[in-house]
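For reference, the structure discussed in these notes is given below.
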Amino acid sequence: MSQIPSDRLMAFADGQLPEAERADIEAHLAANPDSAAEVAAWQRQSDALRTLFAPAGAEPVPARLRPRRIAAELGRRRTRSFGWAAAAIVLVGLGLGAGWFARPLFDAEPPSQYLIADAINAHTVFVAENRHAVEVPGSDSEHLSSWLSNRLDTNLGMPDLSAEGFTLVGGRLLPGEPSRGGRAAQLMYENAAKQRITVYVTAALPDRAPAYQFASYEGAEAFYWANARITCTVVGTLPEADMKTVSRAVYQQLTEGDVAWVDRG
Amino acid sequence: MQDFLDQVEACVPALRRYARALTRNIDLADDLVQDCLERAISRRGLFRPSGEVRAWLFTILVNLHRNGLRTTRRQGALVAMDAVSEPAMPAPQPGHIALAEMARAIETLPLEQKEAILLVALEGLAYSEAAGILNIPLGTLMSRLGRARSALRLATGNPAEPHLRTVK
């Protein structure tokens, strides 16, 4: 009895054997009922499987399984996702732009920068005035003092700078940043050489922290300090040593000795 | 491109049939086919025109089915599948193998054997094509088919002597 590999029998059962080889197998099966029975069993298995599942392939195809519909849907989805991507890019761009333009809001510039800048501006504007350099003349220093003290909501005495050769010209009330009290007082002093300095005072900053700073801007020197009661900026165009001397005198009188003068620079 | 979609469309009934046999669940099967078609159509650029669309689609379907099973197993939520209802049309050789028995038997096969026997016996694919779809050597395919057929014979109750079950 010849032996046929079961792979070849299976290929015969599945109809996958070349025509030329079939005769051999048929002869073999005729002589071997067991092999023939096995082949028949395999074929019945295949028949059963086809009978079971062929109907699934004959059912009408639901719309969602139509390739053209799927292709169209995919195209729409792609367009939509492109739209979302474009929208996302636009939003990110807007965010970046807004962030860029909002930088000044977020930059943690110390308030002293603004106060010094305001003080220098005010100095530059009013020292150039002759008839209207001040609002209230220094001759009425008592009224000036009580008026500005009331407006700034702090006790503001007029520093006496006669020892430094300066006399009080007068003072005025200036608008200021709402977040920093909304008001500032400017006092103007003048020496015999008609050189002027101004003292720019605001109520204390919210943090009431002591601070101390020198700044120089377009030829003007500014000496700034802050304490729990006020901020003060002395501005002038004197030589630095003279500015220091004047500033120390202002500081000592306005802080009423609550902070020791620190000689810097 | 229309040509490609036509070729895909021609394969849909076979894909549904094969998916139904794999999953034994009409909704799961059609979901599987839909996933398969979406993937194929969205990636049609990857299709090599030298190959056959049908084999390519079957490859995608088989892989999606395996991935789906893996996910289901991970989620630990295997859905109990209803037995396939008896088809209305009578079996061509009634009595040889009870169809319900076969339906249960095919369910007991390991997946790799089930994939193989269904490609060959149900879909009538050439061995080489089936081996290509399953990405296995021809010899491996033949041994899977052999084991599947032995198991089916055991499960359908005529292990040694098929003639005993032959009626008429």
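Can you list the equivalent-ellipsoid semi-axes of region A:36-146, largest first and in whole Å, using the square root of 5 times each Cα gyration tensor eigenvalue?
Computed over region A:36-146, the values are 93, 16, 11 Å.
With each label point set 7 Å from Cα along the Cα-Cβ vector, what nm distance links residue B:66 and residue A:208?
Label at residue B:66, label at residue A:208, 7.5 nm between them.
I need the calculated FRET efficiency for the pair residue B:112 and residue A:17, taking r as the beta carbon distance and R₀ as 25 Å, to the nearest 0.05.
In this case the efficiency is close to 0.55.
Along the positive direction of the dipole of chain A (beta-carbon charges: Lys, Arg +1; Asp, Glu -1; about the Cα centre), which of A:33, A:61, A:87 reaches farthest?
A:61
Considering all projection directions equally, how large on average is the shadow of the alpha-carbon convex hull of region B:27-70, in square nanometres?
Orientation-averaged projected area of the Cα hull: 3.0 nm².
Normalising by the residue count of region A:163-228, find the relative contact order in percent from Cα pairs under 8 Å and 6+ residues apart.
23 percent
Considering every Cα-Cα pair within region A:110-192, what fraction, in whole percent, is farther apart than 16 Å?
54 percent
Evaluate E = 1/(1 + (r/R0)^6) for residue A:140 and residue A:117, where r is the Cβ-Cβ distance and R0 equals 30 Å; express this FRET efficiency to the nearest 0.05.
Calculated value: 0.50.
For residue A:135, list long-range residues whose amide hydrogen, built 1.01 Å from N in the peptide plane, is under 5 Å from its own amide hydrogen.
A:171, A:172
In Å, what Kirkwood hydrodynamic radius results for chain A from the alpha-carbon pair distances?
Kirkwood hydrodynamic radius for chain A: 26.5 Å.
Could you give the accessible area per residue of chain A, probe 1.4 Å, as a whole number in Å²?
54 Å²
With only Lys, Arg, Asp and Glu charged, each at its Cβ (+1 for the first two, -1 for the last two), find how big the charge dipole of region A:80-196 is about the Cα centre; round to the nearest 20 debye. All intermediate terms of the calculation are to be shown ahead of the outcome.
Values: 9 positive and 12 negative charges, 117 e Å.
I would put it at about 560 debye.
If I take R0 = 51 Å and measure r between the Cβ atoms of residue A:241 and residue A:98 in this structure, what FRET efficiency does the formula 1/(1 + (r/R0)^6) give, to the nearest 0.05?
Working from the Cβ atoms, E equals 0.60.
Note down the relative contact order for region A:1-115 as a percent, whole number, built from C-alpha pairs under 8 angstrom at least six residues apart. It would help to have the intermediate numbers written out before the result.
On the way: 21 pairs, mean separation 18.5, N = 115.
The normalised contact order for region A:1-115 reaches 16 percent.
Measure off, as a whole percent, the carbon and sulfur share of the 1.4 Å-probe accessible area of region A:119-265, all protein chains present.
With neighbouring chains kept in place, the figure for region A:119-265 is 48 percent.
Relative to the longest principal axis of chain A, what angle (0 to 90°, nearest 10) does the C-alpha long axis of helix A:141-152 take?
20 degrees
Using alpha-carbon pairs under 8 Å, 6+ residues apart, how would you state the relative contact order of chain A in percent?
11 percent.
Nothing charged except the Cβ atoms of Lys and Arg (+1) and of Asp and Glu (-1): what's the magnitude of the dipole of region A:117-261 about its Cα centre? Round to the nearest 20 debye.
For this selection, approximately 140 debye.
In degrees from 0 to 90, rounded to the nearest 10, what is the angle of the helix A:67-101 Cα long axis to the longest principal axis of chain A?
With rounding to tens, the tilt is 10 degrees.
Regarding region A:156-208, what are the three Cα extents along the principal axes, ordered largest first, in Å?
On the principal axes, region A:156-208 reaches 38, 19, 14 Å in Cα extent.
I need the semi-axes of the equivalent ellipsoid of region B:1-50: take the C-alpha gyration tensor, multiply each eigenvalue by 5, square-root it, list largest first in whole angstrom.
22, 11, 8
How long is the gain from residue A:128 to residue A:150 if the chain were fully straight, where each residue apart is worth 0.36 nm and the alpha carbon distance is subtracted?
5.2 nm
Angle check, please: helix A:33-58 long axis (alpha carbons) against the longest principal axis of chain A (alpha carbons), in degrees 0 to 90, nearest 10.
50 degrees
Just to be sure I understand: if I project the alpha-carbon convex hull of region A:29-73 onto a plane and average over all orientations, what area do I get in nm²?
Answer in nm², one decimal: 4.6.
Short version: ³J(HN,Hα) in whole Hz for each residue of region B:102-118, in order, from phi by Karplus 6.51 cos²θ - 1.76 cosθ + 1.60 (θ = phi - 60°), x for Gly and Pro, what are they?
Calculated HN-Hα couplings, in order: 5, 4, 5, 5, 5, 5, 7, 6, x, 3, 5, 6, 4, 4, 5, 5, 6 Hz.
Considering the dipole of region A:109-265 built from charges on the beta carbon (Lys and Arg +1, Asp and Glu -1) around the Cα centre, which of A:184, A:211, A:255 is farthest to its positive end?
Checked the options; the winner is A:184.
Determine the dipole magnitude for region A:1-156: charges of +1 sit on the beta-carbon of Lys and Arg, -1 on that of Asp and Glu, nothing else is charged, the reference point is the Cα centre, and the result goes in debye to the nearest 20. Let's see the in-between values first.
Working: 15 positive and 19 negative charges, 166 e Å.
The calculation lands at about 800 debye.
Mind checking A:8-21 for the average number of partner chain beta-carbons within 10 Å of each residue's beta-carbon? Working shown, then result.
On the way: counts 1, 1, 6, 3, 0, 2, 7, 2, 6, 0, 0, 0, 0, 0.
For this peptide, the per-residue mean of nearby foreign Cβ atoms is 2.
The values are calculated or read from the model by the stated rules, or taken from the named source; none is laboratory data. None of these values were measured; they are calculated from a predicted model. Quick reminder, even Gly has a Cβ in these numbers, built from the backbone with ideal geometry, and neighbours come from all protein chains shown. Accessible surface areas use protein heavy atoms only, side chains included; no ligands, DNA or RNA. Shrake-Rupley method; radii C 1.70, N 1.55, O 1.52, S 1.80 Å.
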